[in-house]
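Student: Below you'll find the structure I mean.
The values are calculated or read from the model by the stated rules, or taken from the named source; none is laboratory data. The structure displayed is predicted, hence computed values, not measured ones. For neighbour counting, all protein chains shown are included, and Cβ atoms are generated from backbone atoms with ideal geometry for every residue, glycine included. Please note that ligands, DNA and RNA were not included when accessible areas were found on the heavy atoms of the full protein model with its side chains. Shrake-Rupley method; radii C 1.70, N 1.55, O 1.52, S 1.80 Å.
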Amino acid sequence: MTNFSAIFAGFGGQGVLFMGKVTAYVGLLLGKEVSWMPSYGPEMRGGTANCSVCISDTPIGSPVVTEPDALVAMNLPSYDKFLHSVKPGGLLIYDDSMFKPAASRDDIRAFALPATALASEEGLGGIANMIMLGRTLKEAGLAGLEIIEQAIEKSVPSSKPGMIEHNLRALKLGMN
């Protein structure tokens, strides 16, 4: 891997910023240059939220991602907003238990994943984001499971150590 960029997008409260944070930690643990840039509306939950992550072997000139290698869309407005920007040959992962898109592209690898429904079925409500991230990191081939597990451990706040196990379980569901 020389360069990898991604946009994680959805509603506030869906964990899109956390997905980006874990991905950024993966880059740091690999010894790469990393940028993580969150963007969210004034509402904490329910408003739009997205973040951009860049991972590179060389210094990153700008954290702005205009042509991501990967897009993870947790809702239809995010899908509609960012679909056109994914590089040809890039990766799209979307939660088809939340929406059914009217159109897609045939020049990218697209994966529909019923992450919200799967999280609910597995007793992991509220962490569909990690199912989505598991699939994204697997398809992107960014790092092995050991590095990703370390990134989750670094990303989960020390006040919530029990969440590490739940996040790892969700991540593995998405990878499989």
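Student: Here are some residues: K81, K172. Which one is among the basic types (K, R) and closer than 21 Å to A49 by Cβ? Don't jump to the end; show me each part of the working.
Tutor: Working: K172 fails: closer than 21 Å to A49 by Cβ.
After ruling out the rest, the residue left standing is K81.
Student: Quick check: is even one residue across segment 11-32 of a type in the set (A, V, I, L, M, F, W, C), part of a strand (DSSP E or B), in contact with a Leu (Cβ under 9 Å, 6 or more places away or on another chain) and modelled with pLDDT of 95 or more?
Tutor: Quick first cut of segment 11-32, residues of a type in the set (A, V, I, L, M, F, W, C) only: 11, 16-19, 22, 24, 26, 28-30.
In the following step, the residues that additionally are part of a strand (DSSP E or B) were identified as 11.
Still in the list and also in contact with a Leu (Cβ under 9 Å, 6 or more places away or on another chain): none.
Scanning segment 11-32 turns up no residue that is of a type in the set (A, V, I, L, M, F, W, C), part of a strand (DSSP E or B), in contact with a Leu (Cβ under 9 Å, 6 or more places away or on another chain) and modelled with pLDDT of 95 or more.
Student: Of the numbered conditions (1) at pLDDT below 95; (2) open to solvent by less than 70 Å² (accessible area, probe 1.4 Å); (3) part of a helix (DSSP H, G or I), K81 fails exactly one; give the number of that condition.
Tutor: K81 satisfies all of (1) at pLDDT below 95; (2) open to solvent by less than 70 Å² (accessible area, probe 1.4 Å); (3) part of a helix (DSSP H, G or I) except (2).
Student: Let me ask you something else. Quick check on segment 91-125: of everything there that is under 19 Å from K172 (Cβ atoms) and free of Cβ contacts under 8 Å to residues at least 12 places away in the same chain, which residue is surrounded by the most Cβ atoms within 10 Å (Cβ to Cβ)?
Tutor: Taking the candidates together, the pick is S120.
Student: Let me confirm something: among P157, P101, which residue is closer than 19 Å to Q14 by Cα, touching a Phe, Trp or Tyr at 6+ places or on another chain (Cβ under 9 Å) and of a type outside the set (V, I, T)? Full working, then the answer.
Tutor: Numbers: P157 fails: touching a Phe, Trp or Tyr at 6+ places or on another chain (Cβ under 9 Å).
Going through P157, P101 in turn, the sole match is P101.
Student: Say we look at segment 33-73 and pick out the residues that are among the small types (G, A, S), crowded, with 19+ Cβ neighbours inside 10 Å and over 21 Å from I147 (Cα atoms); which of these is modelled with the lowest pLDDT?
Tutor: Filtering segment 33-73 for residues that are among the small types (G, A, S), crowded, with 19+ Cβ neighbours inside 10 Å and over 21 Å from I147 (Cα atoms), the one modelled with the lowest pLDDT comes out as A49.
Student: Which condition from (1) in contact with a Lys or Arg (Cβ under 6 Å, 6 or more places away or on another chain); (2) modelled with pLDDT of 95 or more is the one that N129 breaks?
Tutor: Exception for N129: condition (1).
Student: I would also like to ask the following. Among the residues of segment 130-176, how many are touching a residue at least 60 places away in the same chain (Cβ under 8 Å) and assigned to a loop (DSSP other than H, G, I, E, B)?
Tutor: 3
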